[in-house]
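Engineer: Dropping the structure in here first, questions after.
Values in this text are rule-based calculations from the coordinates and carry no lab data. Please read all numbers here as calculations on a predicted model, not as lab measurements. All Cβ positions, even for glycine, are placed from backbone atoms using ideal geometry, and neighbour counts span all protein chains on display.
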Amino acid sequence: MNPFTPIVDEPFPRPQRWGEAELERLRRMVDQPSLFYWRGPQCGELLAEFRRHYPLNHVFPCSSGSAAIHIALAALRLKPGEEVIVPPITDMGSVIGILYQQAVPVFADVEPATGNLDVGAVRAAISAKTRAIVAVHLAGNPCDSTALRALARERGIALIEDCAQAWGALHQGRPVGLVGDFACYSFNEFKHVSCGDGGIVATDAEEYGPSLGQWGDKSYDRAGGERDAALLRDPAELAPNYRMSEPQAAVAAAQLTKLGEIVQARVQLGARLHAHVSAVPGLVPPAIRPGDTSSYWFFLLRVDAERFRGGRDEFAAALRAEGAPASAGYIPKPVYGYRVFQNHNFFGGAWPVRDAGLTTMDYRAVHCPIAEALLGDCLTLTINEAMTAGYIDKVGRAVAAVAARLRR
Ligand SMILES: *Cc1c(COP(=O)(O)O)cnc(C)c1O
């Protein structure tokens, strides 16, 4: 018999993510004559559900969050060598579209207590070639979109909100995504709500909104094309096929009917865990701006290595031994440190915009010290809507016990 009983002595709670709501829509869907987004009702219903949460005028459902961001960037008609500012702690999806449009990702450092873009660092990174900022709401914690928008307006550049990790999060009481020029969301497997894979790009801007669909559908003008087949098959610009299909939309729409519940649970559980972590000197919980609400995609905290033997890695290992859903770190290194960036290996080993002299960017010389420090001492705790307050309290007790045991 194992005499050691972990503090978190119950199985990891797993939410039942799909059920009757999804089945009901899928059942209706199989009677449809078409599963194509332009003809079926599921994509339309998804957009209606989306607008109940995010009242934006122009909305296009697409194949992923990465696609949503790429569509927003394409709508800006970036020219080769123009620059887009991004944080170094994010998913590849924030930068893929920039590179495919032959623009240059410029990494600006983050705030130490959130991992979100630091407004001063963004200001310093703006050049004559800057066209946009892609601002991530990391782990569900809103970035300072108000300040970023003010800066973007002042400098005449666009603000794209990457809300992939922040479904249901609130910035100054309003859903994230309503402040920037574009809002981009993901339905991938790991997000708050999912249809396996999918995304949404949305905007209120009349300048971009009406053609979002063209940027995600081969530059086909289906609105005009219904009337004029010659126009439909005569694309004016280069655009990928990032369409969503009806089965994805049926599941995604059903998921959005549950968003309120899912987010409410995570907000409460996250706040509870925040209180536990804040009570332990040497641990730094995520700073949430007054007036903002994090929807806790996961719980990100930092471990002061000076105060705990073995630093972050030992802390995470000890938490796991206590049954807590902890892992050391988030992404292994800042995005600019990935092999693809270090080798500038973007297009068959080449980088045409640099070869053509349109940029002098060298990712081997890029350093964002705050992001690097954060990734070196952060730890993630899983939060999901199936957890109970009791479970979170056990995780909190495990955090306190491990801290006491490892304290120098
Ligand atoms: C998940 C994610 C994306 C990309 O979404 P996909 O649907 O996987 O393409 C983009 N940005 C961030 C911050 C993400 O977490």
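Engineer: Angle, helix 65-75 long axis vs. longest principal axis of the chain, Cα atoms, 0 to 90°, nearest 10?
Structural biologist: That helix lies at roughly 40 degrees to the long axis.
Engineer: To continue, here is another question. Show me, for segment 140-152, the HN-Hα J-couplings you get by feeding each phi into the Karplus relation (A = 6.51, B = -1.76, C = 1.60, θ = phi - 60°), rounded to Hz, glycine and proline as x.
Structural biologist: The phi angles translate into x, 9, x, 7, 7, 5, 4, 5, 5, 5, 4, 5, 4 Hz.
Engineer: If the reach is capped at under 29 angstrom between alpha carbons, list the lysines near residue 394, excluding any in the same chain fewer than eight residues apart.
Structural biologist: 191, 258
Engineer: Using the Cα centre as the reference, give the magnitude of the dipole from point charges on the C-beta atoms of the chain (Lys, Arg: +1; Asp, Glu: -1; all else neutral), rounded to the nearest 20 debye.
Structural biologist: Here the size comes out at about 620 debye.
Engineer: List, in order, the whole-Hz ³J(HN,Hα) value for each residue of segment 78-86 obtained from phi through the Karplus relation with A = 6.51, B = -1.76, C = 1.60 and θ = phi - 60°; use x for Gly and Pro.
Structural biologist: Each residue's phi maps through the Karplus curve to give 4, 9, x, x, 6, 10, 10, 8, 9 Hz.
Engineer: Tell me what the chain gives for mean residue ellipticity at 222 nm when only DSSP H runs of n ≥ 4 count, each as -39,500 (n - 2.57), the sum divided by the residue total, rounded to 500 deg cm²/dmol.
Structural biologist: Computed mean residue ellipticity for the chain: -10500 deg cm²/dmol.
Engineer: Anyone know which of 169, 371, 113 comes out most mobile in the 10 Å Cα GNM of the chain?
Structural biologist: Of 169, 371, 113, the Gaussian network model singles out 113 as fluctuating most.
Engineer: Let me ask something additional. Net charge near residue 108: determine it from the other residues with C-beta under 15 Å of the C-beta of residue 108, scoring Lys and Arg +1 and Asp and Glu -1.
Structural biologist: Computed value for this residue: -3.
Engineer: If you average over every viewing direction, what projected area does the convex hull of the Cα atoms of the chain give, in nm²?
Structural biologist: Across all orientations, the chain yields a mean hull projection of 22.3 nm².
Engineer: Taking the 0 to 90 degree range and rounding to the nearest ten, how far is the long axis of helix 246-257 tilted relative to the main principal axis of the chain, both from C-alpha atoms?
Structural biologist: The helix 246-257 is inclined about 50 degrees to the chain.
Engineer: Can you list the HN-Hα couplings for segment 260-272, worked out from phi with the Karplus curve (6.51, -1.76, 1.60; θ = phi - 60°), rounded to whole Hz and with x for Gly and Pro?
Structural biologist: x, 5, 4, 5, 4, 4, 5, 4, 5, 5, x, 5, 5
Engineer: Assuming 0.36 nm per residue, please report the length gained on full extension of the stretch residue 12 to residue 150 beyond their Cα-Cα distance.
Structural biologist: 45.4 nm
Engineer: Another question, if that's okay. Counting Lys and Arg as +1 and Asp and Glu as -1, what is the net charge of the other residues whose Cβ lies under 15 Å from the Cβ of residue 401?
Structural biologist: Its environment carries a net charge of +2.
Engineer: Also, I was wondering about something else. Quick one: compute the contact order of the chain, relative version, from alpha carbon pairs under 8 angstrom and 6+ residues apart, as a percent.
Structural biologist: With pairs under 8 Å counted, the relative contact order is 22 percent.
Engineer: Once you keep just the Cα pairs under 8 angstrom separated by 6 or more residues, what percentage relative contact order results for segment 20-257?
Structural biologist: 27
Engineer: If the reach is capped at under 19 angstrom between alpha carbons, list the lysines near residue 129, excluding any in the same chain fewer than eight residues apart.
Structural biologist: By straight Cα distance, residue 129 reaches 79.
Engineer: Averaged over every viewing direction, what's the projected area of the C-alpha convex hull for segment 20-257? Give it in nm², one decimal, please.
Structural biologist: Projected area, direction-averaged: 12.7 nm².
Engineer: Filter the trypsin sites (Lys or Arg not before Pro) in segment 276-323 to those in DSSP coil with at most 13 other Cβ atoms within 10 Å of their Cβ, and list the result.
Structural biologist: In loop regions of segment 276-323 (DSSP not H, G, I, E or B), the sparsely surrounded trypsin sites (Lys or Arg not before Pro) are 309.
Engineer: Next question, about the same structure. Can you tell me the 0 to 90 degree angle between the C-alpha axis of helix 311-321 and the longest principal axis of the chain, rounded to 10?
Structural biologist: So the inclination is approximately 80 degrees.
Engineer: Can I get the semi-axes of segment 206-294's equivalent ellipsoid? Compute them from the C-alpha gyration tensor as square roots of 5 times the eigenvalues, in angstrom, largest first.
Structural biologist: Whole-Å semi-axes of the equivalent ellipsoid: 46, 17, 11.
Engineer: A follow-up question, please. For the chain, set up a GNM with springs between Cα atoms under 10 Å and report which of 238, 259, 379 has the largest fluctuation.
Structural biologist: Per the Cα network of the chain with a 10 Å cutoff, 238 tops the list.
Engineer: Another question about this same structure. List the GluC sites (Glu not before Pro) in segment 115-221 that DSSP assigns to loop (not H, G, I, E or B) and whose Cβ has at most 12 other Cβ atoms within 10 Å. Which are they?
Structural biologist: 189, 206, 207
Engineer: Show which aspartates and glutamates lie in cross-link reach of residue 218 when reach means a straight Cα distance below 20 angstrom and same-chain residues fewer than eight apart are skipped.
Structural biologist: Filter leaves 197, 207, 226, 228, 234, 237, 246.
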